Amino acid sequence: MRRPAGMARAGHGAAAATAVMRAAVSAFFGGYHRFTSVAALLALPYSAAVLASESMAPSSAMLRSTAARLRSVFAAAGFPPSPFFALLEAKLSQTIFTFVATLPFALTFLLLAKTCVAAMLRDDVDGDGASPPRRRRRLPAAVAALPPCAAVVRAYPAVVATHLLNAFLMLSANAAVFSLLLLAFGGADMAGLTSHFWTLVLSAAGAIVYSLTIGVATVVCNLAVVVAATEPGCAGHAAILRACVAIRGRVSTALAVALPTNLALASAEALFGLRVMAQRRMAGGKLAPGVAGEAFSIAYIHAICVVLEIIVSCMFYRSCKRSEADELRELEPEEKGDLQA
């Protein structure tokens, strides 16, 4: 019995996502000491900054000011009061505060970690994206050391430029979704659909559209950084365009691949709030030595998740390059046959 095309594409996307995750986990354990070194030296300061900023957010005047401004913007735009917009206001203000508070650490430690991991994985890839030789995976850990500083220094400016452009891309994605929501709620108001039921329906639809749009934009941004770190002379808008071309037809796979690492990062942040911040509030703002050690352990877990996210992005980009190369090879015989005819 032949399956429908939609089910076949969904099954292929799930299989591709599983293959990418298996390759990422295999690469992580294959270079465990290298990747954990990057996590301890580079990703850990960024993770500590993220967790510390989230712990300081409830008492921050900047967060309260940002939330108040977003509330006034939503009210001026004519959005009806609903739990969706209240949650969106809280998450947006939290995201803006964390982005501003951790920007120095992101531009230094995080981007250096991404550049190092991409350089280490790039050494295992041929120029055309083909499968790496098996003998190169058997190298001892002493030989397969961290990448040369020159390679990291060469790729770092392109990664910084791409990261800054990614911030404008995320801002544009949020503005586009808000414009669509404004049109939807304005049209519903003109049509007289102002009841609680229609407000709830439009809010649910808006939540789905917002989640999908931000999810795809996040995947494109992560992939663009990998492109900038691995492709010479490709940075900024060129890296973003290359990332958009790479995920063409693979959006469901990209979202499925990004979901586990995002859940792991969110779980680490929730664990920090539950185990560290709750104990600190109970102790009157003081951290006991045991709680401080637990905070360090959770920050290290968060750093490991950051490194895993980079590895997954690299493996997904490698998978996209292999798929493009396979498509080109499949087209070659047909083109040759047309020429002969």
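The values are calculated or read from the model by the stated rules, or taken from the named source; none is laboratory data. All figures in this text were calculated on a predicted structure; none of them were measured in a lab. Glycine gets a Cβ as well: all are built from the backbone with ideal geometry, and neighbour counts include every protein chain shown.
In the set THR95, THR115, only one residue is surrounded by 12 or more Cβ atoms within 10 Å (Cβ to Cβ), of a type in the set (Ser, Thr, Tyr), at pLDDT 90 or above and on the phi < 0 side of the Ramachandran plot; that residue is THR115. In the stretch 238-294, what residues are without any contact (Cβ under 8 Å) to a residue 60 or more places away in the chain, under 19 Å from LEU51 (Cα atoms) and β-branched (Val, Ile, Thr)? Residues satisfying the conditions are THR261, VAL291.
The set of residues from the stretch 287-310 being of a type in the set (Phe, Trp, Tyr) and more than 22 Å from CYS116 (Cα to Cα) comprises just one member, PHE296. Of the residues ALA49, ALA76, the single one that is part of a helix (DSSP H, G or I) and in contact with a helix residue (DSSP H, G or I) (Cβ under 9 Å, 6 or more places away or on another chain) is ALA49. Screening ARG34, ARG71, ARG64 for residues that are closer than 30 Å to LEU112 by Cα, part of a helix (DSSP H, G or I) and among the basic types (Lys, Arg) leaves exactly one candidate, ARG34.
All conditions but one from (1) in a loop (DSSP other than H, G, I, E, B); (2) at pLDDT 90 or above apply to ALA235; the one that does not is (2).
Just one residue in the set THR261, THR253, THR218 is touching a Gly at 6+ places or on another chain (Cβ under 7 Å) and assigned to a helix (DSSP H, G or I); that residue is THR253. Taking the stretch 167-198 as the range and being over 21 Å from THR98 (Cα atoms), hydroxyl-bearing (Ser, Thr, Tyr) and either without any contact (Cβ under 8 Å) to a residue 60 or more places away in the chain or exposed (fewer than 10 other Cβ atoms within 10 Å of the Cβ) (or both) as the test, the residues that pass are SER179, SER195. Of the residues VAL227, VAL177, VAL201, VAL153, the single one that is within 27 Å of TYR317 (Cβ to Cβ), assigned to a helix (DSSP H, G or I) and at pLDDT below 85 is VAL153. Taking the stretch 235-290 as the range and being of a type in the set (A, V, I, L, M), within 17 Å of the chain's Cα centre (by Cα), surrounded by fewer than 15 Cβ atoms within 10 Å (Cβ to Cβ) and over 14 Å from VAL216 (Cα atoms) as the test, the residues that pass are LEU263, ALA266. Can we say VAL245 is under 30 Å from ALA150 (Cβ atoms), of a type in the set (A, V, I, L, M) and at pLDDT 90 or above? For VAL245, the condition - under 30 Å from ALA150 (Cβ atoms), of a type in the set (A, V, I, L, M) and at pLDDT 90 or above - is not met.
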